[in-house]
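Since every read-out is calculated from the coordinates, none of them should be taken as a lab result. All figures in this text were calculated on a predicted structure; none of them were measured in a lab. No Cβ is skipped: glycine too gets one built from the backbone with ideal geometry, and neighbour counts run over all protein chains shown.
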Amino acid sequence: MKEFFGDKDVKEYVETLWGEVFVVVNSVIKLTKVFGFDEIGVIPNPSIDQMLLTLKVAKDMMDLVHILDQNGIIHIQDTRLLINAKQCLLNMESIADAVKDNNKDKYEDARVKLNNQAQI
C-alpha cells in the first residue's frame with residue numbers, strides 16, 4: 001500500500017474524514033435543490049486520485065451555489081453552511097494532496113484544521 005503513507009490506520013482515518021466532509025457538502029446540495037439531485041455519492045475506499053477529482057467537482061459545485069446565491073438566483077438561509085462546506089473541501093483537498101505528496105507534516109496540519117472546523 002503506497003498511498004496513505006503505507007499506514008492502514010491513516011487510510012481508514014482519511015476515509016472517515018472523506019465521508020464526514022460529504023455529509024456537510026450534501027447538506028448544502030439538499031438545501032439548494034439546484035442540481036436536480038440530493039447528494040453526491042461517496043466513493044467507498046477511494047484512491048487519492050479519485051478523492052482529488054471528486055473534491056474538485058464538489059468544490060466547483062459549491063462555487064456555483066455561492067455565485068447563484070450572491071446573484072439572488074437562489075437564497076441560502078444560512079450561508080455559514082455553504083462557507084463551511086467549501087472550507088471542508090479545501091481542508092480535505094489539502095489532506096489528499098499531502099498524502100499524494102507523501103508529506104506527513106502537511107497532512108498533519110490539514111488534518112488538524114479539518115478536525116478543528118465546525119460541523120465536522
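Taking loop as defined by DSSP and a crowding limit of 11 other beta carbons within 10 Å, which trypsin sites (Lys or Arg not before Pro) in the stretch 1-105 fit? Don't skip to the answer; put the middle values down first.
Details: sites: 2, 8, 11, 30, 33, 56, 59, 80, 86, 100, 104; in loops: 2, 33.
When the trypsin sites (Lys or Arg not before Pro) of the stretch 1-105 are filtered for loop state and at most 11 Cβ neighbours within 10 Å, 2, 33 remain.
What is the gain in length, in nm to one decimal, between residue 117 and residue 40 on full extension, counting 0.36 nm per residue of separation less the C-alpha to C-alpha distance? Write down the numbers at each step before the final one.
Working: separation 77, 0.36 × 77 = 27.72 nm, distance 2.11 nm.
Gain on stretching residue 117 to residue 40: 25.6 nm.
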- [ ] For the chain, report the translational diffusion coefficient in µm²/s to the nearest whole number, using Stokes-Einstein at 25 °C, 0.890 mPa s, and a Kirkwood Rh over Cα pairs.
- [x] 167 µm²/s
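If the only charges are +1 at each Lys and Arg Cβ and -1 at each Asp and Glu Cβ, what is the size of the charge dipole of the chain around the Cα centre, to the nearest 20 debye? Numbers along the way, then the final one.
Values: 14 positive and 19 negative charges, 29 e Å.
It works out to roughly 140 debye.
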TODO: Post the alpha-carbon centroid distance, the stretch 64-101 to the stretch 1-40, in whole angstrom.
DONE: 13 Å
